[in-house]
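The values are calculated or read from the model by the stated rules, or taken from the named source; none is laboratory data. Computed from a predicted model, the values in this text were never measured in an experiment. Cβ: placed from backbone, ideal geometry, glycine included. Neighbour counts: every protein chain shown.
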Amino acid sequence: MARRSFTPAEAAARTACAVLGGYALAACFTAFLSRALPAAAVLAPSDAVLTASMLSFIVYLAVILRVFALRRVRRAIAETLAVSAAFATAAALLPAPAGAPDHPAARQPLASRSPP
Amino acid sequence: MTTAAPQGFRASMDWLHSWAGVFFGVLLFTIFFMGTLSVFDREIDRWAQPSSRTGGAGAERASLDTALARLRALAPPKATNWLIYPPSERLPSLRIGWSGGGADFTVRDLDPSTAELRPAQGGPVGTRLIYPMHYSLHLKWLDLGYWLVGAAAMAMLVGIVSGVATHRRIFKDFFTFRPDKALQRSALDLHNWTGVLALPFHFAIALSGLVIFFAIYMKAGIFAAYGTEAADRTRFNHEAFSTLRRPPALRPLAGVASLDAMAAEAQRRWAGRGAPGEPMLVTLRNPRDAHATVELRRAWRDRVSLTADTVSFDAATGRVLHEERLPPASKVQRWIAGLHFIQFDHWLLRGLYFAMGTAGCAMLLTGTLVWCEKRRERHAKQGLAGASLVEAINVAGTVGLMVATLAMLCANRLLPGGLDDPLGAEMRVFFGTWAAALLHALALRRTTSRRHWRQQAAAVALLALAAVALNAATTGDHLLRTLAAGRWAVAGVDLGLLAGAALAVWATVRLGLPRRAALPATAALASQVEGEAA
């Protein structure tokens, strides 16, 4: 097995990029999808949040692997930052979904609704 | 594979696999070991709490209202949740408990027929020590335990994918086991075998673990779609999980309507929805307030999903306030959570979960062993101390964890009855022994013959046998008796301890064999296998 040993600096850069950058990208992805799906009337807000949150772990995993698989560290860092920024910008431009979602669960009589 | 890029890719994945393993190995082993034991958490409870081993004094069942009267007498005034767990196959006692409002989560077992308080001998170590260790490491500060477990779960996913990527011949490796070769080689074979065999399970269990706590690990979606305030979170929980919001009235409650009548009504509604079942948990929220609510959850025994079909009642009048209905994505999340929690009744599948969990423990242990074996000689020559320190931590974190768990079970059988807080005493024995195991391993870190591994493995064997003997001596429930009576919870724990002792004896012997001690007859066979594989 051809063992590649990263230099300590490169190992630190890749690890930081994978762990922190990967989480940031996954979080921006989740925020974007949580707003985009209700905005496109695809899913109710709670369904969008759950779908995005569940997918986020797979996104995080993919980013970690990609950061270590790419040959050049700079490319890995640039990609991670660019994609995170794109998701964050798109999420910020979208409105947060309005209060009452169009879902049967929300239409139930709420004896429990808290006083305003 | 002659181009430079894939070669680099495989080497990168190899690096990632090794370091994820070294960094998270002990943490992952702790989570896997405790998770595997948690598959039988209630059975371990019954082993550790002899008074809960049997059903009631009579055939009839005590009413929920009787249990409520006991709660009213026992629960501290500040507790905001009162809990009643009706007896079931895995928990034959009628259990009551309380939590919230600054009161420690506490449970007491009642006789299921008479609702008399059962004497506490030993704490519920399965559900309250082993199981929380699995998901929170008993580190409550800033949710640190949850975050460490989450990071380890991500490392597990990374380890699985990178582990597969490093393998040139994963199929052939799967069928290669050379138990008589040097320890490093045998351990690697076992690592590959357990890793590949249980790979889908390990991937699903790590991912579902993350999905269960998505609201801790990934809050970005809730923040973006609902907001960052506590009220926004409540709104999300209401929409996604159909939870009831009912603030306290801040007036005292005059009286609680019949819980048994509410249970009957809930059962009628469940049957009407085509999902008949029994209540498994009755929760009273703000039990002394005029706006107290009673939540009834349907027993999980007949389904994978953790949807509880909760029906909520006004405690004062017994009027239905709310019925849980989940939107589609929430149902998916609850199903994935259920896949991880296995609350359904299926002993064969429960056994398989235990087996796959054990495979995970073996995979992590052998992976660690390979890493240590590879480096011990090289680093000793180079005069580097790091690897021997890491090895000592790994000894204590894996085998030492088993020593600590078994010492805790022995202590459970030796503690005097009538202690105020037996669980606290067991917790101190557990963490104290674990710390002692670390000191022992560190003291022996310069060994060249794996003495720390072997001595702790021997301690596992001795303590496992001692636990079985102590159970027989203190309760009279020896294996012949429990097996003859078909009391599988107690017999199963004893049998598991004996199997563990046998494995530990084998490991002690195997770890003691000198390096490169290939037996002549099998060495030829092994080299033949190796030749074919090459």
When the range B:221-244 is checked residue by residue, the ones that are at the interface with another protein chain (Cβ under 10 Å from one of its Cβ atoms), over 19 Å from A:M54 (Cα atoms) and exposed (fewer than 15 other Cβ atoms within 10 Å of the Cβ) are B:A231, B:T234
Any idea how many residues of the range B:116-135 are in contact with a Gly (Cβ under 6 Å, 6 or more places away or on another chain) and at pLDDT 95 or above?
1
Which of the helices (runs of 4 or more DSSP H) found entirely inside the range A:7-100 contain at least 2 residues meeting this: within 7 Å of chain B (Cβ to nearest Cβ), surrounded by 23 or more Cβ atoms within 10 Å (Cβ to Cβ) and out of contact with any Phe, Trp or Tyr (no Cβ under 8 Å at 6 or more places or on another chain)?
A:22-39, A:45-69
For residues in the range B:287-304 being crowded, with 20+ Cβ neighbours inside 10 Å and in contact with a helix residue (DSSP H, G or I) (Cβ under 7 Å, 6 or more places away or on another chain), which is farthest from B:T243 (Cα to Cα)?
B:R298
Restricted to the range B:44-63, and to residues that are buried (at least 22 other Cβ atoms within 10 Å of the Cβ) and touching a helix residue (DSSP H, G or I) at 6+ places or on another chain (Cβ under 6 Å), which residue is nearest to B:N394 (Cα to Cα)?
B:I44
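Residues checked against (1) basic (K, R); (2) in the same structural domain as B:A359 (by TED's automatic domain parsing); (3) at pLDDT 90 or above:
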{"position": "B:W82", "(1), (2), (3)": "no, no, yes"}
{"position": "B:P87", "(1), (2), (3)": "no, no, yes"}
{"position": "B:T114", "(1), (2), (3)": "no, no, yes"}
{"position": "B:K140", "(1), (2), (3)": "yes, no, no"}
{"position": "B:A155", "(1), (2), (3)": "no, yes, yes"}
{"position": "B:R168", "(1), (2), (3)": "yes, yes, no"}
{"position": "B:F171", "(1), (2), (3)": "no, yes, no"}
Quickly run through the range B:306-334 and pick out the residues that are more than 11 Å from every other protein chain (Cβ to nearest Cβ), out of contact with any strand residue (DSSP E or B) (no Cβ under 8 Å at 6 or more places or on another chain) and at pLDDT below 95.
B:L306, B:T307
Quick check: anything in the range B:304-326 closer than 30 Å to A:L37 by Cα, in contact with a Pro (Cβ under 9 Å, 6 or more places away or on another chain), in a loop (DSSP other than H, G, I, E, B) and not aliphatic (A, V, I, L, M)?
yes
From the list B:R454, B:R481, B:R446, pick out the single residue that is out of contact with any helix residue (DSSP H, G or I) (no Cβ under 6 Å at 6 or more places or on another chain), over 22 Å from B:S52 (Cβ atoms) and either not in a helix (DSSP H, G or I) or not hydrophobic (A, V, I, L, M, F, W, C) (or both).
B:R446
